[in-house]
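The values are calculated or read from the model by the stated rules, or taken from the named source; none is laboratory data. From a predicted model like this one, the values you see are computed outputs, not experimental measurements. Virtual Cβ from ideal backbone geometry, glycine too; neighbours counted across all protein chains shown. Just the protein is used for accessible areas: all its heavy atoms, side chains included, with ligands, DNA and RNA removed. Shrake-Rupley method; radii C 1.70, N 1.55, O 1.52, S 1.80 Å.
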Amino acid sequence: MQDSPKKKNPRKTRKKKPAKERSKLKKILMVSFLSIFLLCLTGGFIGAGFIYFHFSKDLPDVRKLKDHQPSTITQIFSDKDEKIAEFYIEKRIVVSLENIPLALKQATLAVEDSNFYYHFGIDPKAIFRAFITNLKAGYVVEGGSTITQQLTKTMFLSREKTLPRKIKEAILAVRLEQVFSKDEILEMYLNQIYYGHGTYGVEAAARNYFAKSVNDLTIAECAMIASLPKAPNNYSPYRNPKRARKRRDHVIRRMADVSFITTEQAKASMLEDFHLGGVEEMLNKAPYFVEHVRRILEEKFGSTKLYRAGLKVYTTLNMDMQESAQRAIKENLRNADKRYGYRGSLGTVDLSRGEIAVQNAMLKQNNFSEGKGIEVGSTINGTVMSVGETQAWVILGAEDGYLDIKNMNWARKPNPNVDGRWAKIKRPNEAIAAGDMIKVKVLGRKQDGSGWSLALEQEPDVEAALISLDPLTGHVKAMIGGYDFYKSQFNRAVQAIRQPGSAFKPIIYAAAINEGFAPSSIIIDSPIIFKEKEDAFDKWKPVNFEEKFYGPTSLREALAHSRNVVTVKLMQKIGIKSSIRLARSLGISSKLEENLSIALGSSGMTLFELTSAYSAFANMGTLIKPAAIRNIKSRSGEVLFTAVPESSQPITPGTAHIITSLMQSVIQNGTATKVRSLKRPVAGKTGTTNNYVDAWFMGYTPELVTGVWVGKDKDEPLGRNETGSRAAIPIWLQFMQEALANQPKINFPVPNDIQFLKVQSESGEPAKFGDTDSKFELFSQDFLPEKEQPFARQYEEENFED
């Protein structure tokens, strides 16, 4: 029997491949791997190229940033070049990198991009680190964007969080680094980024948070500012001081970690408290005037340039005069408003809740906080707790006070037919009751120490406007358009069309002087009815304010005492068109009705127009168009505009001086004798319209012309006897006393075309030798009196009916 063969072990039977074959296999594998790698690399490059070219479409050209002018603040300056206002969309003050402290640059790099000076626009290491950190946290806690990327996002892209936007951001960042140096990119970043509370750039941020220039910041303050761009609202020290401090300290630690500061400096900086300067609102020290300037600038340059171009606008406004004007209007309107009566409480408080509840309510109403309490002279709210025969008990918050009848006796019920100067109440309960919330002024502590002494107050319902010009230059020195700009932006100085009343009369008299009349010319003040068919008024019978007639009246006396009948007769003699023609040449552009009533100021006009017209009287007949701006410069200092005075000569120097002399009589013995207390040469004219709706006073010295209007926006009566003398002169006088304080007294110059001749006091005719009842009067060289006085008593009353 034959034995079966044994099975062989495959391992023992497999022959080893030769070394040459093994080497060949390795080469094949390497080639395959390399091919795959190259294929992937090529695919990656192709993919990257596709992504690059795909997302590069329509991307902006970063080179445009070379000409970029960031939006900056337009600044408004006074006549003394002090900054009084700002206009901006983005509150930014551009500073060069060399003027930014090293600590602020280091703080920004430490917290935003510590590898800034070493990457090429994007930082793969930072991106990978952020990816791992966010993966561990489970949400986004760290970003990988470089400063360059943040700048491109701010300058060119939207804030949407999408992959396409991130790709575009990276592409632009790389391009940006190829065009600009690192320092240029950092400078743009520090001037462009938003730092919260409306501020852009580090200089504006330093002023906003610490009320100082960026050059003066400490390390801790630099860290505070550098901490903000990530989340300005969340890390604002005004809104979240604890969170802001934690974020600031993180920045300081990062500065130490990257060796920008020492450990000792870091510890000292983290111990430093916040010394905040308070959030600055948009600067505006003269709101009505500034708004007037803003309208001029917007018309001239457009809104984009106005708010973004960083213009420097040098105006004519004198801030001392402006503040005096504001003070005069506020103080005198409060006084005037009291004459018109008490309009009632602010509301009622439920006293059944108890005294503590009322105290808490008043603390909230008056915004009293720790360290802030009641101040003498302040106006606050209070609740009337009880009313007695002579005084009322008022809770103001944690403290209380007493309102004596003598400090509220003006509080009668409003009635325009009653003269508020004399109408008084006798008991507090005629005006207030327990539970009333009222406005009171704190006068001081009561002598017995029982509480505060109070006076009843109310916000004025009446308005006023004031304009003051330098007649020699036309420069607007002060402009107030109302009691409170933040309650009403309507500028009554330049926008309100109001009847001027008798304040318009000097223009009629100037037209008459041009026609040959003189201050001594006589017109009969007697009843008259106009029946001219072409006139708008049928059987119109003008009357004087006093409702009497005074017979033969000189023009000087007629203007001094504001005689209506004489003025209307005078205008009828010289012609309506002649008067309107002169008004136009004096700068009155508002519509003037062609009827005799305009002699009494029946046609409306602005205070601005009438003040400008009066400036010609003060400037020897030369009218210089009012100007609010001296010059305008670009952010680089280039002069864009320089005001050139526009002048004209609507009346002769002689006519101007005669009108000034006539209006000096208004001050000396006419309707404006209160103005004599100014104790310097001054001319002016009051104006009051029917039913005491408007009250005016227009007056001037050789160096300053000022107009004041007082009235209500709804054309309602102010109150009985609220004339220009009572309502407007106190504002004018207070302003002029302050504006001209310490200024030398100057007389009105007498021009060469004026002569002084003696005339008879009664007839106005030339005086004869030996006449005892005579006086000197002014005459224009062109219209010297003849033997018989021109127009005296020979005034033919044609077309009239007595």
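Return one number: the angle in degrees, 0 to 90 and rounded to the nearest 10, between the long axis of the Cα atoms of helix 564-574 and the longest principal axis of the Cα atoms of the chain.
Its long axis makes an angle of about 90 degrees.
If DNA, RNA and ligands are ignored and the probe is 1.4 Å, what is the ranking of 457, 546, 272 by accessible area, most exposed first?
Largest accessible area first, the residues go 546, 272, 457.
Excluding ligands, DNA and RNA, what is the solvent-accessible area per residue of the chain at a probe of 1.4 Å, expressed in Å²?
On the way: 39980 Å² over 802 residues.
Dividing the accessible area of the chain by its residue count gives 50 Å².
Compute, for region 734-787, the length of the dipole vector about the Cα centre, with Cβ point charges of +1 (Lys, Arg) and -1 (Asp, Glu) only. Units Debye, rounded to 20. Mind showing how you got there, number by number?
Values: 5 positive and 9 negative charges, 41 e Å.
That gives a dipole near 200 debye.
Output needed: percent of Cα pairs per 10 Å distance bin for region 642-754, bins running from 0 to the one holding the longest distance.
With 10 Å bins starting at 0, P(r) equals 13, 38, 31, 16, 2.
Provide the FRET efficiency to the nearest 0.05 for the residue 282-residue 183 pair, computing r from the beta carbons and using R0 = 30 Å.
On the way: r = 32 Å, r/R0 = 1.06.
That pair, residue 282 with residue 183, gives E of 0.40.
What is the helix-to-structure angle for 729-739, meaning the angle in degrees between its Cα long axis and the longest Cα principal axis of the chain, kept from 0 to 90 and rounded to the nearest 10?
Between helix and principal axis, roughly 60 degrees.
Largest first, what is the accessible-area ranking of 374, 524 with a 1.4 Å probe? Show your work: numbers first, answer last.
Working: 374 30, 524 55 Å².
I get 524, 374, largest accessible area first.
What residues have an amide H closer than 5 Å to that of residue 525, excluding those fewer than 5 places away on the same chain, when H is modeled at 1.01 Å from N in the peptide plane?
The answer is 550, 551, 553.
With 18 Å as the limit, write out which pairs from 625/674; 539/569; 83/285; 212/372; 330/685; 413/487 have Cα-Cα distances beyond it, or answer none. Before the final figure, lay out each step's value.
Values: 625/674 30 Å; 539/569 15 Å; 83/285 9 Å; 212/372 25 Å; 330/685 22 Å; 413/487 25 Å.
The answer is 625/674; 212/372; 330/685; 413/487.
Given labels modelled 7 Å from the Cα in the Cβ direction, how far is it in nm from residue 648 to residue 635?
4.0
Work out the FRET efficiency for residue 268 and residue 367 from their Cβ-Cβ distance, taking R0 = 30 Å, and round it to the nearest 0.05. Intermediate results must be reported in sequence, preceding the final value.
Details: r = 37 Å, r/R0 = 1.22.
That gives a FRET efficiency of 0.25.
Just add up the charged neighbours of residue 612: K/R +1, D/E -1, any other residue whose Cβ is under 14 Å from the Cβ of residue 612. Display every interim value, and only then the final one.
Values: positive: 477, 584, 625; negative: 470, 609, 646.
Value of the local net charge: 0.
Based on the Cβ-Cβ distance of residue 769 and residue 526, what FRET efficiency does E = 1/(1 + (r/R0)^6) give at R0 = 25 Å, to the nearest 0.05? Write down the numbers at each step before the final one.
On the way: r = 33 Å, r/R0 = 1.31.
Step by step, r from the Cβ atoms, then E = 0.15.
Go through region 676-685 residue by residue and turn each phi into a ³J(HN,Hα) via Karplus (6.51, -1.76, 1.60, θ = phi - 60°); whole Hz please, and just put x for glycine and proline.
Calculated HN-Hα couplings, in order: 4, 5, 5, 6, 7, x, 8, 10, x, 8 Hz.
With a ≥ b ≥ c taken as the square roots of the eigenvalues of the C-alpha gyration tensor of region 614-661, please select rounded if a/c is under 1.5 and otherwise prolate if a/b is larger than b/c or oblate if it is not? Don't skip to the answer; put the middle values down first.
Values: a/c = 6.33, a/b = 3.97, b/c = 1.60.
Prolate.
In nm, to one decimal, how far is the modelled label at residue 66 from the one at residue 97, with both set 7 Å along Cα→Cβ?
With each label placed 7 Å out from Cα toward Cβ, I get 1.7 nm.
Can you give me the C-alpha center-to-center distance between region 601-618 and region 82-107, rounded to a whole angstrom?
Answer, in whole Å: 44.
Quick one: work out the % antiparallel among DSSP beta bridges in the chain, nearest 5. Could you put the intermediate results ahead of the total?
Numbers: 79 of 89 bridges.
For the chain, the DSSP antiparallel bridge percentage is about 90.
Using 0.36 nm times the number of residues separating residue 578 and residue 211, minus their current alpha carbon distance, what extension gain do you get?
Values: separation 367, 0.36 × 367 = 132.12 nm, distance 5.97 nm.
Contour length minus the Cα-Cα distance gives 126.1 nm.
Points 7 angstrom from Cα along the Cβ direction at residue 669 and residue 721: gap in nanometres?
It is 2.4 nm.
For the chain, state what percent of all Cα-Cα pairs lands in each successive 10 Å bin, counting from 0 Å until the bin that includes the largest distance.
For the chain, the binned pair fractions read 2, 10, 15, 15, 14, 13, 11, 7, 5, 3, 2, 1, 1, 1, 1, 0, 0, 0, 0, 0 percent.
For region 520-664, what number results from the quotient of the Cα radius of gyration and 2.2 N^0.38 Å? Intermediate results must be reported in sequence, preceding the final value.
Numbers: Rg = 19.3 Å, N = 145, 2.2 N^0.38 = 14.6 Å.
Region 520-664 yields a ratio of 1.32.
Residue by residue through region 266-276, which ³J(HN,Hα) values in whole Hz follow from phi under the Karplus form 6.51 cos²θ - 1.76 cosθ + 1.60 (θ = phi - 60°), with glycine and proline marked x?
Once rounded to whole Hz, the list reads 5, 4, 5, 5, 6, 7, 6, 7, 6, 10, 6.
Report the local net charge at residue 119: Lys and Arg +1, Asp and Glu -1, summed over other residues whose C-beta lies under 12 Å from its C-beta. Could you put the intermediate results ahead of the total?
Details: positive: 125, 182; negative: 113, 123, 177.
Local net charge: -1.
Multiply the residue separation of residue 376 and residue 132 by 0.36 nm, subtract the distance between their alpha-carbon atoms, and state the gained length in nm to one decimal. Each step should come with its number before you reach the end.
On the way: separation 244, 0.36 × 244 = 87.84 nm, distance 6.30 nm.
Answer, rounded to one decimal: 81.5 nm.
Let me know the shape class of region 308-415, please: from the alpha-carbon gyration tensor, a ≥ b ≥ c as square roots of the eigenvalues, rounded when a/c is under 1.5, otherwise prolate if a/b is greater than b/c, or oblate.
Cα axes put region 308-415 in the oblate bin.
Any chance you could check the Cα centroid distance between region 225-273 and region 656-693 for me, in angstrom?
66
Within region 643-671, which residues have the backbone N less than 11 Å from the label spot 7 Å out from residue 703 along Cα→beta-carbon, could you tell me?
none
Relative to the present Cα-Cα distance, how much length would full extension add between residue 745 and residue 515 at 0.36 nm per residue of separation? Show your work: numbers first, answer last.
Numbers: separation 230, 0.36 × 230 = 82.80 nm, distance 3.29 nm.
Extending this stretch completely gives an extra 79.5 nm.
Relative to the longest principal axis of the C-alpha atoms of the chain, give the angle of the C-alpha long axis of helix 102-112, reported between 0 and 90° and rounded to the nearest 10°.
The angle comes out at about 60 degrees.
Sort 487, 242, 168, 300 from largest to smallest accessible area, using a 1.4 Å probe on the heavy atoms of the protein chains.
Values: 487 130, 242 175, 168 65, 300 105 Å².
Ranking 487, 242, 168, 300 by accessible area, largest first, yields 242, 487, 300, 168.
Could you tell me the ratio Rg/Rh of region 194-241? Both radii from Cα atoms, Rh via Kirkwood. Working shown, then result.
Numbers: Rg = 9.5 Å, Rh = 10.4 Å.
Taking Rh as the inverse mean 1/r over Cα pairs, Rg/Rh reads 0.91.
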